[in-house]
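Take this structure first; my questions come after.
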Amino acid sequence: MTEEERSRYLDFLRERRTEILQRMQDACARAGRSPEEVTLLGVSKTVGVEEVALAWQAGYRAFAENRPQELDRKLAGIEADHPEMAGVRFDMIGNLQKNKINHVIGRVGLIHSISSAQLAEAVSKRSEAHGIVSRVLLEVNVSGEESKSGFAPDEALEALDGLMGLGGISIEGLMTMAPAHDPDAARRTFSGLRELRDRMRERSGLELSTLSSGMSDDYPIAIEEGSTIVRLGRTVFSPAYEVR
Ligand SMILES: *Cc1c(COP(=O)(O)O)cnc(C)c1O
């Protein structure tokens with residue numbers, strides 16, 4: 001980017017961030033929640049290190065990636081060129097293959113995408129080998145769409161006992177993705193996630209305080225239904241994205 005392009009993009013990021021924070025605050029008000037309960041993650045998977053650094057300048061403090069290789073690239077670029085971002089939080093939100101786990105362990109704030117008991121076991125084992133406990137969420141396919149990964153709700157409930165015994169992970173809550181372009185289905189998905197969390201909490205005694213739900217098209221609904229982390233990509237980073 002030229003200096004002028006950078007400056008224009010920074011203006012865009014700042015204005016859009018103000019708008020997003022306002023919509024988050026409004027959704028919290030409608031639900032009688034405090035805005036401090038909800039964390040905003042900038043999903044940076046489609047942009048480069050330069051855009052992420054500008055987003056940092058615009059006020060974003062936490063980001064998310066969906067591919068381990070891209071996480072490597074972002075962290076290396078930040079370490080090389082952006083000392084101001086030392087200690088920045090990146091979360092992993094995408095499908096995690098077992099042979100890529102080592103790219104992620106100890107380098108992310110939270111792993112949102114634990115989609116099977118096998119993956120939970122593998123992450124736990126690698127974490128223990130690194131001498132750490134990884135904070136994770138169980139990804140649940142609440143809507144039941146074929147295309148989506150994650151535990152079926154009943155499966156998550158059944159698996160929990162076994163997963164609680166794993167020493168290398170701390171299960172902090174649940175994550176889901178809603179069907180696109182269908183606000184009613186999205187709301188049912190987000191409320192279903194919260195209800196499942198309540199049942200799992202009762203059964204296990206775990207707090208499960210984190211609900212990762214809501215993307216660019218549906219985050220106000222997710223917040224109304226209890227989300228504590230919204231994962232926003234297009235609306236944060238893309239000037240072409242149309243806010244409706
Ligand atoms: C890309 C992605 C997002 C962000 O989606 P937008 O619609 O661009 O906000 C959120 N969560 C996951 C898991 C993603 O892969």
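On the protein heavy atoms, probe 1.4 angstrom, tell me the percent of accessible surface of the chain carried by carbon and sulfur.
Carbon and sulfur together cover 45 percent of it.
Using modelled amide H (1.01 Å from N, peptide plane; none on Pro or chain starts), what sits under 5 Å from the amide H of Arg89, excluding residues fewer than 5 places away?
Phe63
Can you pull the three principal axis extents for the Cα set of region 95-189, in Å, largest first?
Sorted from largest, the Cα extents of region 95-189 read 44, 26, 20 Å.
Still on this structure, please answer the following. Quick one: order Ser149, Ser213 from most to least accessible surface, probe 1.4 Å.
The residues order as Ser149, Ser213, largest area first.
While we're looking at this one, here's another question. Could you tell me the number of lysine pairs in the chain with C-alpha atoms less than 22 Å from each other, where the two lysines are 8 or more residues apart or belong to different chains?
Summing the qualifying lysine pairs gives 10.
Could I ask something else about it? Taking N as the number of residues in the chain, what is its alpha-carbon radius of gyration divided by 2.2 N^0.38 Å?
1.00
With every protein chain present, what is the per residue accessible area of region 3-237 (1.4 Å probe, Å²)?
46
Taking 8 Å as the Cα distance limit and 6 or more residues as the minimum spacing, I'd like the relative contact order of region 3-237 as a percentage.
20
What do you get when you divide the Cα radius of gyration of region 1-100 by 2.2 N^0.38 Å, with N the number of residues?
That works out to 1.20 for region 1-100.
Show me the ranking of peptides 26-33, 225-232, 198-205 by mean Cβ neighbours inside 10 Å, starting with the highest.
Result, highest mean Cβ count within 10 Å first: 225-232, 26-33, 198-205.
Taking the Cα centre as origin and putting +1 on Lys and Arg beta-carbons and -1 on Asp and Glu beta-carbons, what dipole magnitude results for region 3-237, to the nearest 20 debye?
The calculation lands at about 300 debye.
Using helices alone, what [θ] at 222 nm do you get for the chain, with -39,500 (n - 2.57) per DSSP H run of 4 or more residues, divided over all residues and rounded to the nearest 500?
It lands at -14500 deg cm²/dmol.
Using Cα centres only, tell me the gap between region 11-31 and region 86-152 in whole Å.
Cα centres, region 11-31 to region 86-152: 28 Å.
The values are calculated or read from the model by the stated rules, or taken from the named source; none is laboratory data. Bear in mind that the values here come from a model prediction, so they are computed numbers and not experimental data. So basically every Cβ, Gly included, is an ideal-geometry build from the backbone, and we count neighbours across all protein chains shown. SASA here: full protein model, heavy atoms, side chains in, ligands and nucleic acids out. Shrake-Rupley method; radii C 1.70, N 1.55, O 1.52, S 1.80 Å.
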